[in-house]
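These notes concern the structure reproduced below.
The values are calculated or read from the model by the stated rules, or taken from the named source; none is laboratory data. Keep in mind the model is a prediction, meaning the values are calculated, not measured. Counting neighbours? That spans all protein chains shown, and the Cβs are built from the backbone with ideal geometry, glycine included. For the accessible areas, the whole protein counts, side chains as well, though only heavy atoms, and no ligand, DNA or RNA atoms are used. Shrake-Rupley method; radii C 1.70, N 1.55, O 1.52, S 1.80 Å.
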Amino acid sequence: MATPMAIDKAKGPKLDVDEFLTLAISETPQELHAFFESFRSLHSRKLWHQLTNKLFEFFDHSLSKPYRVDVFNKFVRDFESRLNQLRLVEMGVKVSKEIDSEFAPHNALAAVKLKRTLEDPVTHLQFLTDLLERVNTEKSPEAHVLLLSSLAHAKLLYGDHEGTKNDIDAAWKVLDELSSVDPSVNAAYYGVAADYYKSKAEYAPYYKNSLLYLACIDPAKDLTAEERLLRAHDLGIAAFLGDTIYNFGELLMHPILDALDSTPHEWIKKLLFTFNEGNIGKFEALSPLFPKEPILQENYPFLRQKICLMALIESVFKRGAYDRTMSFQTIAEETHLPLDEVEHLVMKALSLKLIKGSLDQVDQKAQITWVQPRVLSRDQIGQLAQRLAGWNAKLHQVEERIAPEVLVNS
């Protein structure tokens, strides 16, 4: 965890805390006055932990919005080196969202009546950059990662993809060395990484980072219903179009997919389970819905090949360990492909490491020795249970046959 006393950079001009708090009480609504009185008391007694908690209460208050930047710059800056640096950065990130082009952060209390409508990229980024320069990476690596991730997100919103990628890479370099990390820090990193890859239409990295992001938060509490629906939708699309994603198990088990229920996108959830089962019949039944998602319609040939690969995997899985030499004709029937396309499909599966084995082009057979492990549906678990029961029955028969011999020999 981050520790206090991690700001080594030179401070700005000496702040007059008493003068600021007095002015704040005279300029802010009555409902906020108690906060400033508490600030004065806790600051004078140097109760930094309690003061941090009270500041977060203030920043969460709806009426504090026009005053947040000024409180941070003209009050918190006075004692920021004494605070837990991760909490300081969390505070700074929250405050930075209130900066816009018509709002000078150094004179907030005099400008609260101005119309506040548009964020100013330069001021916003400068605020975060200045804070980053004051946080020591070695002493507070988590705070540094959180701030870099927030900077990356801001740059992404403003269209600076190169700057976003640089900050993401810098954040990962620090994060990768940490053994224990606060979930909020991981969430910030994986969240912006997922957003970046989404903007670049890189489906596999988006899928990976988005699932890692969900693992760091409580979607039911931390995401709105609309955000959960969008996340589930985007994960589904990424699963379909990711050229290295052939195992949907982690997504199928995640409650985020429940957000698709009873919505116009519910068919995407059904399609995910269809792919996992390798069920070409269900795939063809759902394909008329693809025009609802133009990107799926545009990539129909790829999706068709993908469902055929999933069907091949499922066909191999259903077979026993000693029954995995399959003729091209059998594979063609299982995958609904012409016979002359089977060899290419099996070679594709081998190259993607979905299966291991060999091809006999003369006899037109494929000998499969291994199939990629994956999460199973209830039906697939039922099939596995039947195979285990069969194996147990055979083992019992062997036991009955050799038991008399063992008794005689003994």
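A few points about this structure:
- Any chance A366 is under 18 Å from G278 (Cα atoms) and surrounded by 14 or more Cβ atoms within 10 Å (Cβ to Cβ): no
- Test: residue in segment 307-327 that is of a type in the set (S, T, N, Q) and either part of a loop (DSSP other than H, G, I, E, B) or more than 15 Å from Y246 (Cβ to Cβ) (or both): yes
- Here K54, K14, K9 are screened, and the one residue that is open to solvent by 20 Å² or more (accessible area, probe 1.4 Å), modelled with pLDDT under 95 and in contact with a helix residue (DSSP H, G or I) (Cβ under 7 Å, 6 or more places away or on another chain) is K9.
- Answer residue from segment 36-45, given it is under 39 Å from the mean Cα position of the chain (by Cα) and open to solvent by 30 Å² or more (accessible area, probe 1.4 Å) and is nearest to F79 (Cα to Cα) among those: H43
- Residue within segment 42-55 that is of a type in the set (V, I, T), touching a residue at least 24 places away in the same chain (Cβ under 8 Å) and over 20 Å from D16 (Cβ atoms) present: yes
- The selection criterion, being at pLDDT 95 or above, of a type in the set (D, E, K, R) and under 26 Å from the mean Cα position of the chain (by Cα), holds for E293.
- Hey, L388 among the hydrophobic types (A, V, I, L, M, F, W, C) and open to solvent by 60 Å² or more (accessible area, probe 1.4 Å) or not: yes
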